[in-house]
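Written below as structure tokens is the structure these notes are about.
The values are calculated or read from the model by the stated rules, or taken from the named source; none is laboratory data. Everything quoted here is computed from the prediction, not taken from an experiment. A quick note on method: Cβ atoms are made from the backbone with ideal geometry, for glycine too, and the neighbour counts reach across all protein chains shown.
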Amino acid sequence: MAQRYLTPNPENASLAELYAAQRAGNRETHRRCTVIILLITGSSREQAMAAFDLSESAVKKMVRAFNLYGIDGLVAGKRTGRKPRISKTQKEEILEEFEDPGRAQRTFWTATAFHGHIAEKYQVECSYNTVVRLLHEKGYVLKVPQPWPDRQDEELREKFRAQLRTLAEDEEVEL
């Protein structure tokens, strides 16, 4: 005799609760809730598997999680991801060095130069993008001088500058 399919227990959550969780979660939570809703409302397991291109074992895991933990078992958690190449203590030390370029006998840093400095001094293999991301996290941005427009009307520019001077001299105008 073949093994019976595990079915979701409808007492774990109402359809309204499942619909609410479906809307509140991320894409994976939405998919899991939808599969359980389909199974509770009478759709076949094969229909649910075909609708979301799931394997039998994936549906079985969803049903088991729902039966054990209710809606909480369907909510997709945040994945940890890869460990950072630069530890928090190294980050702080590196940023202190960035803020004081004199420690490395420099007057200023470019991201490229700083990336090379980190790789050499701290023996850390990280990409240029990692260094740029680190600097962006601390509020540093790339500042590029704007080119002078080629075809600028000098007379209009002088009139504007004169207007600015008169506004700056006027005590009633706040600049």
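Counting only residues that are surrounded by 13 or more Cβ atoms within 10 Å (Cβ to Cβ) and either touching a residue at least 24 places away in the same chain (Cβ under 8 Å) or over 28 Å from the mean Cα position of the chain (by Cα) (or both), the range 71-88 holds 5 of them. Count of the range 22-31 residues, restricted to those that are modelled with pLDDT under 90 and surrounded by 14 or more Cβ atoms within 10 Å (Cβ to Cβ), is 2.
Among the conditions (1) in contact (Cβ under 8 Å) with a residue 40 or more places away in the chain; (2) buried (at least 16 other Cβ atoms within 10 Å of the Cβ); (3) within 25 Å of the chain's Cα centre (by Cα), Leu6 misses just one, which is (3).
Going by the structure shown, is Ala21 under 17 Å from Leu134 (Cβ atoms) and small (Gly, Ala, Ser)? No. Among the residues making up the range 104-151, a single one is farther than 19 Å from Thr89 by Cβ, touching a Pro at 6+ places or on another chain (Cβ under 9 Å) and polar (S, T, N, Q): Thr107. From the list Arg106, Arg64, Arg82, the lone residue that is closer than 30 Å to Ala21 by Cα and not in a helix (DSSP H, G or I) is Arg82. Annotation for the range 60-70: at least one member residue is among the β-branched types (Val, Ile, Thr) and crowded, with 16+ Cβ neighbours inside 10 Å. Screening Lys61, Lys91, Lys78 for residues that are among the charged types (D, E, K, R) and under 16 Å from Tyr5 (Cβ atoms) leaves exactly one candidate, Lys61. Restricting attention to the range 133-165, the residues that are assigned to a loop (DSSP other than H, G, I, E, B) and within 30 Å of Pro84 (Cα to Cα) total 7.
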